[in-house]
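Structure first, commentary second.
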Amino acid sequence: MPYSHLLVPSDGSDLSMEAVRHAVALAAALGARITFFHAQASVPVQVVGLGEMLDATTMEALMSASRKDVERILEESLAVAHQAGVSADGERVMSDLPHQAIVEAASRLGCDLILMASHGRRGLVGMLIGSETQRVLVQSPCPVLVYR
């Protein structure tokens, strides 16, 4: 069997959830299993740069909301796999470098394919914030299938 363990990173966006559905269909056709993956930033993106304007209680509330959002993303992905009869697990790690966490997870878990969405940022925006998908493509220890 060419691919037996897919790593499917998801950020919860609509495009990412479409990639989840396609990954589940592929896994079902191949008889493969899936690990759904999310790299959660140590500080929610919405608060970067606010510094001391946030007190500890507010920060903890934001982190708690972020953790709940990650759990929802993973639960939704697992439900899609379960409904299709595909064996799947979910994993969350704390990392401010999602591409690095994805590459490390693929190696650590023995995944032989990464299937992930690309939001297709181009031009100046793509150059400034970069593409996590592009970084994964460059550093991945295994093939990467990009859903667009």
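Bear in mind these aren't lab numbers, they're just calculated from the coordinates by the rules spelled out. Being a predicted model, the structure only gives us computed values, none of them experimental. Note: ideal-geometry Cβ built from the backbone for every residue, glycine included; neighbour counts use all protein chains shown.
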Exercise for the section: Sort segment 64-109 into rounded, prolate or oblate with this rule: let a ≥ b ≥ c be the square roots of the eigenvalues of the Cα gyration tensor; rounded if a/c is under 1.5, and if a/c is not under 1.5, prolate when a/b is larger than b/c, oblate otherwise. Expected result: oblate
Exercise for the section: Could you check the simple spin-label distance between residue 134 and residue 15, using points 7 Å along Cα→Cβ, in nm with one decimal? Expected result: 1.3
Fill in the blank from the handout: Each label sits 7 Å from Cα toward the beta-carbon; between residue 30 and residue 67 the label points are separated, in nm, by 3.3
